[in-house]
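Taking it in order: structure first as structure tokens, then the write-up.
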Amino acid sequence: MAGSGVSPFAPPLTGPPLFDQDWRSVFFLHWAVDPADVAPLLPRGTRPDVFDGATYVGLVPFRMVDAGPGRGLATPYLGTFLECNVRLYSIDDEGRHGVVFRSLEATRWFTAMSARWGYRLPYTWARMHVKERGPRWWWRSDRRYPRGGGYLRLTVDVGEPVEPTDLEVFYTARWGLHSSLAGRTIWTPNEHKPWPLRAAYVDELHQDLVQRAGLRVPGEPTQRALYSSGVHTTFGWPVVLK
């Protein structure tokens, strides 16, 4: 257990899996913010998860690969796409450390709209591109729906392997999602192996995704950026918070 109270090892899921997927080529960018500023944005029954007096806003672009129902039933075409999410960190009265998504860009219209309308997650449809050349990566995203802006321009270099600090465990080792559905707060658990992490060095970052998610942050991330080649992730069935 890290000093943050968050373990880098997932508690095992109980019962059959809801769906699974691979998260690959993952970049983590983070800003420290005042917990009071984000508390009104969290689902009922949760509060900001805090490390040394601060909570964090994450900007996380990655490649979703082979998502599908159950275990090992990848959905052709619709289950593989680019995604970029803006997220907050939450804790509930049961002590479960979760993620709350403020927005999720995705390149598959049907997948994004199914999650937006069916599961009430704030997915958006975006035109996204990623390019890799040696250690350098370029990400580009432009929101298509809902209209009205939403862009990302990121150039970043991947560096040496790192052991995560307690703070980095705090915001990367998240074993579930808090969300709102039909006026109730839902906890959806997940599990995967500990992240293999490398340092990442941001050369250029221009975006308005964080601001459009209702959050104010300084221009540059306040924490070290990280990269992971990825993990295989399994989700369990959601439960309603008591």
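Just so you know, all these numbers are worked out from the coordinates, no wet-lab data involved. Worth saying up front: this structure is predicted, and the values here are computed from it rather than measured. Because the Cβ atoms are built from the backbone with ideal geometry, glycine has one as well, and the counts that use them run over all protein chains shown.
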Check your understanding: For the range 74-94, how many residues meet the condition of being closer than 17 Å to W23 by Cβ and outside any strand (DSSP E or B)?
Key -> 5
Review point. What pairs come up if the first residue lies in the range 157-182 and is free of Cβ contacts under 8 Å to residues at least 12 places away in the same chain, the second is of a type in the set (K, R), and their beta carbons are under 6 Å apart, counting only those six or more places apart or on different chains?
Key: none
**Study point:** Filtered residues of the range 189-218 (kept if buried (at least 19 other Cβ atoms within 10 Å of the Cβ) and in a strand (DSSP E or B))
**Key:** P189, N190, E191, A200, Q207
**Study point:** Restricting the range 12-65 to residues that are small (G, A, S) and in a strand (DSSP E or B), the residue that is surrounded by the fewest Cβ atoms within 10 Å (Cβ to Cβ)
**Key:** A54
